[in-house]
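Beneath this line is the structure, given in structure tokens, with notes to follow.
The values are calculated or read from the model by the stated rules, or taken from the named source; none is laboratory data. Everything quoted here is computed from the prediction, not taken from an experiment. Virtual Cβ from ideal backbone geometry, glycine too; neighbours counted across all protein chains shown. Heads up: the accessible areas ignore ligands, DNA and RNA and are worked out on the full protein's heavy atoms, side chains in. Shrake-Rupley method; radii C 1.70, N 1.55, O 1.52, S 1.80 Å.
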Amino acid sequence: MIEETVKNIEAKAIEEIESVSNLEALEAFRVKYLGRKAQINDLMKNLKQASPEERPKIGAQANVLRNQLEEIIAKKKTILEEQDFALRVKADAQDVTLPANKIVRGKKHPITQVLEEMIAIFKELGYIPVEGPDVETDYYNFEALNIPKHHPSREMQATFYVKEGELLLRTHTSPVQIRVLKSQKPPLAIIAPGRVYRCDADVTHSPVFHQVEGLIVDKKGKVSFTDLKGTLTEFLHRFFGKNKRVRFRPSFFPFTEPSAEVDVECIICDGAGCRLCKDSGWIEILGAGMIDPNVLEAVGLDPELYSGFAFGIGVERLAMLKFGIDDIRLFFTNDLRFLKQF
Ligand code: DAH
């Protein structure tokens, strides 16, 4: 009778454990077979009614059953915990064979590259870089550079005014000459790289562009036009290489006398003529000259005692010639397909 009950409980437990598929269900199973209200406890109650000889036998059988149930539960627990772990590992898994995200490296803008190269060359030639403000007064940008109000040469440089007739966006880097000459004593040799602004735009003109100004002043007779020509030729040779053709042309600027302009042969058409060089075969890249005595006087230097030369180089023009670019606007539209090439 007891044996039969034990067998029944055992058989039912073995059958039921099969369908236990998670740890929660296993706990319910444990409560059912080993908890306070479990059938196995009834066996023990029967113990009282049994004869003294029967008692140890019943007790032993109940213990065997209890041990067996505990073993079944422990085994199942191990299996379920392993399953659980495997599931979590699978859910958290990363596919290490997927291609990684590309790290896109930034590069220096071609104009920055050219500016840095220009500055490096002029440093080698003994020039010290200085800076001036983008917003200038009429005095520094025009007046002190021998360009009086209503003078026709103001029209050479269509101006963006911040305050009509007083404050403006500098149209060239030449005002830095005045700032330097007012604050430093010759002998001096400086370059002033920076942004300049003019109210025009086409394939060779942008409303914002860059110049590198150069200025050297010493006791009269120490620097001549020959030095000017030699300095600029040396710079161009270092920048473009020795086989690029350049030419000096007489020109006019209010702040230099005599004045010159320098052209480099057009690399787009090799001198045959195209839209970049306006069919001339040459591209103008800089203006230069011996400092006009009026400019020296404006900064309080006696033209009888001091002289020097100055130049202003168009950075975008140099970059176009160096890289073979035929539209200046490409530098400022920030098209990555263009910028990535440098
Ligand atoms: N400032 C002139 C321009 O932007 C360029 C220039 C010409 C600068 C002659 C100079 C110079 O220093 O001597 O057109």
Please list, or write none, the lysines whose alpha carbon is within less than 16 Å of the alpha carbon of K107, excluding same-chain residues fewer than 8 places away.
K340
Could you please state how large a percent of the accessible area of region 190-342 is carbon and sulfur, counting protein chains only and using a 1.4 Å probe?
50
Once every Cα of region 267-314 carries one equal point scatterer and solvent is ignored, give the base-10 log of I(q)/I(0) from the Debye formula at q = 0.19, 0.21, 0.25, 0.33 Å⁻¹, two decimals.
-0.65, -0.71, -0.86, -1.06
Less than 12 Å apart at the alpha-carbon level, and either on another chain or at least 8 residues along: which aspartates and glutamates does that give for K322?
E117, E265
Phi to ³J(HN,Hα) by Karplus 6.51 cos²θ - 1.76 cosθ + 1.60 over region 259-272, Hz, x for Gly, Pro:
10, 9, 10, 10, 10, 10, 5, 5, 8, 5, 10, 6, x, 6
Please check: in the Gaussian network model of the chain (C-alpha springs, under 10 Å), which one of A100, A28, A144 has the largest mean-square fluctuation.
A28
Give me the net charge of K45's neighbourhood, meaning all other residues with Cβ under 13 Å from the Cβ of K45; Lys, Arg count +1, Asp, Glu -1.
+3
Would you mind classifying region 1-53 by shape? Square roots of the alpha carbon gyration tensor eigenvalues, ordered a ≥ b ≥ c; an a/c under 1.5 is rounded, otherwise it is prolate if a/b is larger than b/c and oblate if not.
oblate
Can you figure out the FRET efficiency of V96 with I14, using R₀ = 51 Å and their beta-carbon distance, to the nearest 0.05?
0.75
Compare the Cα positions of W282, A201, H237 along the charge dipole of region 198-329 (+1 at Cβ of Lys, Arg; -1 at Cβ of Asp, Glu; about the Cα centre) and return the one farthest towards the positive end.
H237
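Does region 213-332 come out rounded, prolate or oblate by the C-alpha gyration tensor, with a ≥ b ≥ c the root eigenvalues, rounded set by a/c under 1.5 and, if not, prolate when a/b is larger than b/c and oblate if not? Could you put the intermediate results ahead of the total?
Values: a/c = 2.54, a/b = 2.19, b/c = 1.16.
Prolate, because a/c is 1.5 or more and a/b exceeds b/c.
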Between region 168-233 and region 234-296, what's the alpha-carbon centroid distance in Å?
14
How big is the Rg/Rh ratio for region 2-91, C-alpha atoms only, Rh by Kirkwood, two decimals?
1.11
The chain - Cys residues lacking any other Cys C-beta under 4.7 Å
C199
Given charges at beta-carbon only (K, R positive; D, E negative), |dipole| of the chain in Debye
720
Hand me the trypsin sites (Lys or Arg not before Pro) from region 96-153 located in a DSSP loop with no more than 13 other Cβ atoms within 10 Å, in residue order please.
K102, R105, K107, K108, K149
Roughly speaking, what is the stretch gain from E24 to R238, that is 0.36 nm per residue apart minus the C-alpha to C-alpha distance, in nm to one decimal?
68.9 nm
What is the percent carbon and sulfur in the accessible area of region 2-91, measuring with a 1.4 Å probe over the protein chains and ignoring ligands?
54
Straight-distance crosslink candidates among lysines, where the alpha carbon sits under 30 Å from K7 and sequence neighbours closer than 8 are dropped
K32, K37, K45, K48, K57, K75, K76, K77
Taking the Cα-to-Cβ direction at I79 and at S153 and moving 7 Å from each Cα, how far apart do the two end points lie in nm?
10.1
Kirkwood hydrodynamic radius, computed over distinct alpha-carbon pairs, for the chain: how many Å, to one decimal?
27.1
